[in-house]
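All remarks here apply to the structure that follows.
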Amino acid sequence: MFFIPGQLISLATFPGVIVHEFAHMFFCRLRKVAVLDVCYFRVGNPAGYVIHEKTSDFLTTFLVSMGPFFVNTVLCLLICLPAYLPIKYFNIDHPLSFALMWLGVSIGMNAIPSNQDAQNVWEEAKVHAKSGNVLAILSFPIVVVIYIFNALRVVWADLFYGIAIGVGIPSLILG
Amino acid sequence: MRHVTCSHCNRTDVPVNESLHIDDVVYCHNCVNTTFTEDQLKGRTVVNEFDPTVCSNCSKDFGDTTLEKVAQYPMCPECTKAIHEKSFPTWVKAFFIGILVVVVFSAVYNWRFVEGYKEIQAGGKAMGVGDYKAALASFEAAARHVPEQKDFEPLVHFCRGVTFLQDDHSAEALPELEACLEFMPADYNVSMLITQAQIGAAFDTKDYGLFLQHTKSFLQNDTTQAMSWAGVASAYACLYATSKVDSLKDRYIAYRTKALAIADSANQNELAVYINRLDHRIETGDIITAKQFSEKFPNGWAKN
């Protein structure tokens, strides 16, 4: 493993950062959550952010925080699945296929919610789990996984996730 | 606008938005900057109070009117409306539309590979059940969809060759099978199929000497199959039918006997029909194909 500054990674995977923040913003708009500030991409830490009001509705908190996970993962798969076919199955190394793979994997790499997103879900889940909210109860292990994942970013967990979705799943599907 | 008194410099007209609560003590920004270093603030509770009469977004002063809050921020009705209606900037909309276009493009551009992949799978399945015509159609379609992939060509030649063989077009099968010989794995038995095609082609051209040569070559490759022995018997039957040399008939009988002796239950019926045709050939001198024979004698031939 070798260290590459996060800003360089963000630059290399900027489409994923923009899609990640887009997904947060999209779910804020969908659930009518006020957005106080938003940055879709910048060279800095964090590379993007959406500052929104708190909401007492757990589903809203969950969707706004976890939105990028679903949006980025689905887009990664949709772009990579057809692009991977000529590379893997037909041994055709067309630059366009690799460009699509880069785009897909870079979006997949930015799928995992941040620790701040996880904390938002955790705080709300603690309240709503008491009233038997199933989604809130299920959120606890999800949040733990997110924390672990984010801790493992130093060993390229985000890259591995992007590759797992963009390359691993197509490999499984195509056999 | 509301004011507070700085507990450090005792200034009484400090705007709320320019004050901080440090461990519940009010300081103006000036005093915070001159009194505390960053390290000194560590571990203390620092709270930034918001003046409820000043909009946090546009900084407009609403006098004594207390504003509604968005999150913890007091906000005027215009800013509240603007924040709730905050939409995506044009470039972000364009970017996301671009991503969706790429998704569609990726699917459309690579669709021929998806088709090719499905056709190869279908071709493989068809080959697995011995349906070489269907396999040929699938592999030809795959080759059309992915012309830059040359690996299908041997498969196409192989399936076409086997299909020709199955349809008794041995002469046409021969070049197809020869074209794929060096590319196909050994377990496809292309050499054996080539010999079969050579046998058929020799029979079709009535070159019975060559027919005998190829059937013997086939037998050398596999002496355990009854049909291998019957093939040589067939060649001798043809030679006898055209020359009436008794020694050829003797040889026919020898190979026929061996074939019947090693026949197993799996190919007994097939062999019986084949031998029936050869016996007819020996008796009548009439050399006809399997198709002609079955049409002429649908219930088999019997010596009167």
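Apart from one condition, residue A:109 fits all of (1) surrounded by fewer than 24 Cβ atoms within 10 Å (Cβ to Cβ); (2) among the hydrophobic types (A, V, I, L, M, F, W, C); (3) more than 11 Å from chain B (Cβ to nearest Cβ); the exception is (1).
Here residue B:265 passes the criteria (1) closer than 21 Å to residue B:165 by Cβ; (2) under 45 Å from the mean Cα position of the chain (by Cα) except the one numbered (1). For residue A:29, state whether it is without any contact (Cβ under 8 Å) to a residue 12 or more places away in the chain and either on the phi > 0 side of the Ramachandran plot or in a helix (DSSP H, G or I) (or both). Judged against the criteria, residue A:29 is a match. Cβ-Cβ distances below 9 Å connect the following pairs, each with a first residue in the stretch A:85-96 that is more than 7 Å from chain B (Cβ to nearest Cβ), a second residue that is of a type outside the set (D, E, K, R) and surrounded by fewer than 16 Cβ atoms within 10 Å (Cβ to Cβ), and a separation of six or more residues or different chains: A:87/A:94; A:87/A:98; A:88/A:171; A:88/A:174.
Report yes if residue B:260 is farther than 20 Å from residue B:272 by Cα and in contact with a Leu (Cβ under 9 Å, 6 or more places away or on another chain), otherwise no. Working first, answer last.
On the way: farther than 20 Å from residue B:272 by Cα: no; in contact with a Leu (Cβ under 9 Å, 6 or more places away or on another chain): yes.
No.
For the stretch B:105-118, a residue qualifies if it is part of a helix (DSSP H, G or I) and either at the interface with chain A (Cβ under 8 Å from one of its Cβ atoms) or at pLDDT 95 or above (or both), and the qualifying residues are B:106, B:107, B:109, B:111, B:113, B:114, B:116, B:117.
The condition of being in a helix (DSSP H, G or I) and surrounded by 13 or more Cβ atoms within 10 Å (Cβ to Cβ) holds for only one of B:92, B:101, that being B:92. Between B:149, B:121, the distinction of being within 11 Å of another protein chain (Cβ to nearest Cβ), more than 19 Å from residue B:190 (Cβ to Cβ) and buried (at least 18 other Cβ atoms within 10 Å of the Cβ) belongs to B:149 only. Can you work out which of the residues in the stretch A:40-62 that are in contact (Cβ under 8 Å) with a residue 24 or more places away in the chain and crowded, with 22+ Cβ neighbours inside 10 Å is farthest from the other protein chains (Cβ to nearest Cβ)? Here the answer is A:62.
Scanning the stretch A:63-84 for residues being free of Cβ contacts under 8 Å to residues at least 40 places away in the same chain and over 15 Å from the mean Cα position of the chain (by Cα) gives a total of 2.
Count, please, the residues in the stretch A:50-102 that happen to be polar (S, T, N, Q) and under 29 Å from residue B:151 (Cβ atoms). Spell out how you get there, then give the answer.
Taking the stretch A:50-102 as the starting set, the residues that turn out to be polar (S, T, N, Q) are A:55-56, A:60-61, A:65, A:72-73, A:91, A:97.
Applying the additional criterion that residues be under 29 Å from residue B:151 (Cβ atoms) yields A:91, A:97.
Total satisfying the criteria: 2.
With respect to (1) surrounded by 21 or more Cβ atoms within 10 Å (Cβ to Cβ); (2) more than 11 Å from chain B (Cβ to nearest Cβ); (3) of a type outside the set (Gly, Ala, Ser), the lone exception for residue A:116 is condition (1). Does residue A:8 meet the test of being more than 13 Å from the chain's Cα centre (by Cα), within 25 Å of residue A:132 (Cβ to Cβ) and surrounded by fewer than 19 Cβ atoms within 10 Å (Cβ to Cβ)? No, not satisfied. Going through (1) surrounded by 21 or more Cβ atoms within 10 Å (Cβ to Cβ); (2) farther than 20 Å from residue B:166 by Cα one by one, residue B:228 falls short only on (2). When restricted to residues that are charged (D, E, K, R) and under 26 Å from residue A:17 (Cα atoms), the stretch B:57-96 contains 3.
The values are calculated or read from the model by the stated rules, or taken from the named source; none is laboratory data. Predicted model, so just to flag it, every value in this text is computed and none were measured. Cβ coordinates were reconstructed from backbone atoms using ideal geometry, including for glycine residues, and neighbour counts include every protein chain displayed.
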